[in-house]
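What follows is a set of notes on a single structure, which appears directly below.
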Amino acid sequence: MAADASTVGSSASSSGGFAPFLVDSLFQRSLDDMIKALRSAPGGESSLIHRLLAEIRREIRSTDSDTKFLALQKLTYLSSLYFLDMSWAAFHALELLPSSVPAFKRTAYLSASLSFHPSSTDLLPLATHQIRKDLQSPNPSLSSPALHLLALSSSPDLALHLSNDLLSLLSSPRAAVHVRCRAVITSLPVLRLTPDSARTFLPKLVEALSPSSPLLSAAAGIFCELVCSGDPRPYLPLAPDFHQVLLECRNNWILIKILKIFARLILLEPRLKRKLVDPICELMRRSPAKSLVFECLRVVFCSFPDEETAFQLAVEKVKEFIAADDDPNLRFLGLHALAMLQPGQSWAVEENREAIVKSLADPDPNIRHEALRLIMNMVFENNVVEISSLLINYALRSDPEFSNEILDAILVTCSRNFYELVLDFDWYVSLLAEMVRNPHFMKGEEVERQLIDIGMRVKEARSELIRVARVLLIDPALLENQFLHRVLSAAAWISGEYIQFSRNPLEIVEALLQPRTSLLPSPVRAVYIQAVFKIVTFCFNFFVNAGVLSDSKCNIDENTGAESEDSSDVTTFKMESLELKKLLTSKSIIHILNLIVTALVPLSECNEVEVQERACNVLGLVLLLNGIEWKTDDVDWRIDGKIREIVTIMSSAFSEELGPVSMHAQKRVLVPEGLELKENLSDLDEILRNNDVPSSLSISFSSRIHSHNEDKEESEPATESTSLLAEHRKQHELYYLPTDKDESGSNEHPRENDVTNAVSSEKTTNDLLKLTDQSLVSRLTKPAKPRPTVVKLDEGVDLPSSSSKYVREPTGDLLSGAVRDVLFYGDETSPTIQNTLSENYTQRKANETSTISNVDSLLKDSSSPREREIGSSSSRKNKHHSQGKERNRNTRKNETKEEKGNRSSARSSHHHGKHKLKQRVESGDPSLAKAPQTQAIQDFLL
């Protein structure tokens, strides 16, 4: 029926006249009908939505208010549910605002708030009069939607024009409390859009901070947002007001906001600690609200590390949180609170060590993640080996997601600051190889990066890297795991780059050329082939120069008379050279070359450019070597000049050692003189447009990952000979499983890191308990052997800190400057600030930097009129507290009459409120008499 009506409406629309609006009114689909249609067609929602939008676009142009209302209602529903852009309906929403029907007006305001964006508010000035009229209405159902629109979709001009109406609504005693609270909340976006209005809004907001004010909750939320998201310095004079709320208020949510404010202010004014310790401790003792207690823990751990009483009480509360077996949320908060501790407070973590370790087996993933993060933060040089090894074993029995979280945590912790925690790199390289055996391993990219990085930075670890690379390369089962391909690529690169540390290069070549390498993606196969190139070069050079290196080494030892460690190194070198000399004979070299030809000839016609080019390079080297006479054990051919030239060229190709690259290397490259990139490339778009190449003729050089079937088709030429495969299997049975089929009839290679034996939960718990034997406190221990040298290229450059605790730098925004002018200076601003505040908003935005610098310079000036007034008053009220104040009072007796006149005439309503606050606080205990030279909060305020 509705579809027929839609068809009739569209046909009538083509005939013109007013018939479409009449038809739309009679047969319009309601909101309920639209929802039922969406639910009845779950599979075809997209096509239905397009039809519904077409109907709405036609209906919304109707002059009938009911039709426009239903169209906006449906459009609002679709936009909220499917995130559709409805900015095109902004004008239609404004058309419905003057309606006298409350339902129409509410829908119009809601549609307008969804239609307008901060970047597209050109139509909002058309609604200024209507919004002002609704703000002044005593009916809350009219003023609340207007406030909602003003808060979400206001513009600077609209906020400036309606600021006075908003201010009158905020202070009106006749308005409903919830409407006034909405007005307080709406003042935040208004302040951000028009910072000049801070002079009129702030006094009202400060008055709302009274504990007896019904607007306290909204005002506390406003100041919490301002302090935590911007520069907290301008709000320091309000510390007494916040302190009074902390003492007298009993609303937990308000207290949480006040504590968040003090957490920022304490970093700027340390004297606040003495006033806040007792109230916060009292809240932790008596409050049953765990959210409030946790906020107190945050403030104590981050801001009160030296207060023993508060700190000990906070640690006891954390223990209660962690011991809450029936509430996982409390256990998570307890662990999160311990993570806030500073390194010098690790004893608190040590006391909860057993509970932290047991949390690794918690069914809640958030608790497991927090416990893991806490353990890794307490890893030091003396316990990194034991904790990492136990966590690796525990990761074998964890679920895939958490297992990779454990591996990632170990990788990040051990590699931090150029592996500063690793003393034994042979152990760490072996640990990386052990990670690969995890059945859920998915961190191949990071392990690849670290293996190559260690090889370039730590020379002493290269022999162990070669050993680990050999173990990875000769295992054919690893080739099927796509997450290990990046690790195998690193192993191949290491085996080619540091082949001189290998005891059997022939074995590595055979592993790199085994038939199952066809399962690897093309980029990894290219690395494999390049590694073969390097190994063949090394083997032939060593074969030609057999005995030269060992003889020269012995001669050096005899001439220098080296002993002890040097002589042992020479002996080891001689033994390794003799082993390689026996291994690298003419027959073994010929065998390698034949194996290379058999494996790489099919790849010389591969459709992957990288693989084809590298295969052709290696085959070209083989062709060159086969064209000279060297295949006898006679030594006469070694003195041939052509062979010596070939050896020299081959050795020079890979003679230079690759090292790490500084992360700031690109920044140190100077731009050549006369090179202007923007000017030279300004016409690049036009050139490319004129010489556009058809997409069908373009060639893609991007690496492609073949599917399993494609790899099989490509490897057919290499494996078509059954006899060759059988011969390879016979020679290298290490790489193959027995040919006999199992009972299931399957003879495929199993995944090497499949877990076949289920481990009981009891064994898992026992392994976790071993972690409790490891101390989480750093202790000085003497290493068994000296730490090898790690090449660092960025020692002189400031690296980003890993600490999460920091003081946010002031942003210097216009709102902070306006607040600072009001709270610090009142109406006694300098002419520079007065001129700045009277400028147009757009001009202020252009001169933002100069304005903030002027305000900062005035704050640093110790002779400003406001500070002299406050300092003089403070010295008169507290004569008996310190000699420093006595000196200040004596110097301030010589004030001029003009300055006294300025002080008497500079009392606005805000200053009057501050004077009342001064009288109220004077009755308290001014225990903080000693103040630094530049005081952020004057003594009488504390």
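Is the stretch 476-492 home to any residue that is more than 28 Å from Val618 (Cβ to Cβ) and aliphatic (A, V, I, L, M)?
no
Among the residues of the stretch 468-504, how many are under 16 Å from Phe654 (Cα atoms), open to solvent by less than 10 Å² (accessible area, probe 1.4 Å) and in a helix (DSSP H, G or I)?
Number of matching residues: 5.
What's the total number of residues in the stretch 348-362 that are open to solvent by 50 Å² or more (accessible area, probe 1.4 Å) and over 24 Å from Leu411 (Cα atoms)? Show your work before the answer.
From the stretch 348-362, those open to solvent by 50 Å² or more (accessible area, probe 1.4 Å) are 351, 353-354, 358, 361; that's our starting set.
Filter once more, keeping what is over 24 Å from Leu411 (Cα atoms): 351.
Residues in the stretch 348-362 being open to solvent by 50 Å² or more (accessible area, probe 1.4 Å) and over 24 Å from Leu411 (Cα atoms): 1 in total.
Could you tell me whether Arg233 is more than 30 Å from the chain's Cα centre (by Cα) and at pLDDT below 95?
Criteria not met by Arg233.
Report, by residue number, each residue of the stretch 611-626 that is surrounded by fewer than 16 Cβ atoms within 10 Å (Cβ to Cβ) and touching a Cys at 6+ places or on another chain (Cβ under 9 Å).
none
Of the numbered conditions (1) over 18 Å from Ser816 (Cα atoms); (2) buried (at least 22 other Cβ atoms within 10 Å of the Cβ), Cys249 satisfies every one except a single condition; which is it?
With respect to (1) over 18 Å from Ser816 (Cα atoms); (2) buried (at least 22 other Cβ atoms within 10 Å of the Cβ), Cys249 is out only on (2).
Restricting the search to the stretch 512-527, which residues are assigned to a helix (DSSP H, G or I) and among the hydrophobic types (A, V, I, L, M, F, W, C)? Step through it out loud before you land on a result.
Taking the stretch 512-527 and keeping what is assigned to a helix (DSSP H, G or I), we get 512, 515-519, 522-527.
Hits for the stretch 512-527 are Leu512, Leu519, Val524, Ala526, Val527.
Quick check on the stretch 175-192. Is at least one of its residues in a loop (DSSP other than H, G, I, E, B), open to solvent by 20 Å² or more (accessible area, probe 1.4 Å), of a type outside the set (D, E, K, R) and not assigned by TED's automatic domain parsing to the domain that holds Leu75?
So the first thing to find is which residues in the stretch 175-192 are in a loop (DSSP other than H, G, I, E, B), and the list is 175-176.
Then drop every residue that is not open to solvent by 20 Å² or more (accessible area, probe 1.4 Å), which leaves 175-176.
With of a type outside the set (D, E, K, R) added as a condition, the list becomes 175-176.
When the remaining residues are screened for being not assigned by TED's automatic domain parsing to the domain that holds Leu75, the result is 175-176.
Yes; the residues of the stretch 175-192 include at least one that is in a loop (DSSP other than H, G, I, E, B), open to solvent by 20 Å² or more (accessible area, probe 1.4 Å), of a type outside the set (D, E, K, R) and not assigned by TED's automatic domain parsing to the domain that holds Leu75.
For the stretch 591-610, which positions are closer than 14 Å to Leu623 by Cβ and either open to solvent by 20 Å² or more (accessible area, probe 1.4 Å) or among the basic types (Lys, Arg) (or both)?
Answer for the stretch 591-610, where residues must be closer than 14 Å to Leu623 by Cβ and either open to solvent by 20 Å² or more (accessible area, probe 1.4 Å) or among the basic types (Lys, Arg) (or both): Asn594, Val597, Val601, Ser604.
What's the total number of residues in the stretch 357-384 that are part of a helix (DSSP H, G or I) and without any contact (Cβ under 8 Å) to a residue 60 or more places away in the chain?
Matching residues across the stretch 357-384 total 14.
Residue by residue, here is whether (1) of a type in the set (A, V, I, L, M, F, W, C); (2) outside the structural domain of Asp66 (by TED's automatic domain parsing); (3) crowded, with 17+ Cβ neighbours inside 10 Å holds:
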site	(1), (2), (3)
Thr107	no, no, yes
Lys133	no, yes, no
Ser141	no, yes, no
Ala146	yes, yes, yes
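Okay, residues lined up against (1) open to solvent by 10 Å² or more (accessible area, probe 1.4 Å); (2) touching a residue at least 12 places away in the same chain (Cβ under 8 Å); (3) of a type in the set (Val, Ile, Thr); (4) under 21 Å from Val524 (Cα atoms):
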residue	(1), (2), (3), (4)
Ser403	no, yes, no, no
Ser415	yes, yes, no, no
Met435	no, yes, no, yes
Lys443	yes, yes, no, yes
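Over 22 Å from Glu207 (Cβ atoms), outside any helix (DSSP H, G or I) and open to solvent by 10 Å² or more (accessible area, probe 1.4 Å): is that true of Ser154 in this structure?
Yes; evaluated as a whole, the condition is true for this residue.
Of (1) within 30 Å of the chain's Cα centre (by Cα); (2) buried (at least 20 other Cβ atoms within 10 Å of the Cβ), Leu423 satisfies all except one. Which?
Status for Leu423: all satisfied but (2).
Is it true that Leu84 is under 20 Å from Arg39 (Cβ atoms), open to solvent by less than 60 Å² (accessible area, probe 1.4 Å), hydrophobic (A, V, I, L, M, F, W, C) and outside any helix (DSSP H, G or I)?
yes
Only one of (1) touching a residue at least 40 places away in the same chain (Cβ under 8 Å); (2) within 17 Å of Ser213 (Cβ to Cβ) fails for Ala239. Which number is that?
Condition not satisfied by Ala239: (2).
Which residues, taken from the stretch 294-309, are more than 17 Å from Lys260 (Cα to Cα) and at pLDDT 90 or above?
If the condition is that a residue be more than 17 Å from Lys260 (Cα to Cα) and at pLDDT 90 or above, then Thr309 is the only one that fits.
The values are calculated or read from the model by the stated rules, or taken from the named source; none is laboratory data. Since this is a predicted model, take the numbers as computed values, not measurements. Reconstructed Cβ throughout: ideal geometry from the backbone, glycine too, with neighbour counts over all protein chains shown. Accessible surface areas use protein heavy atoms only, side chains included; no ligands, DNA or RNA. Shrake-Rupley method; radii C 1.70, N 1.55, O 1.52, S 1.80 Å.
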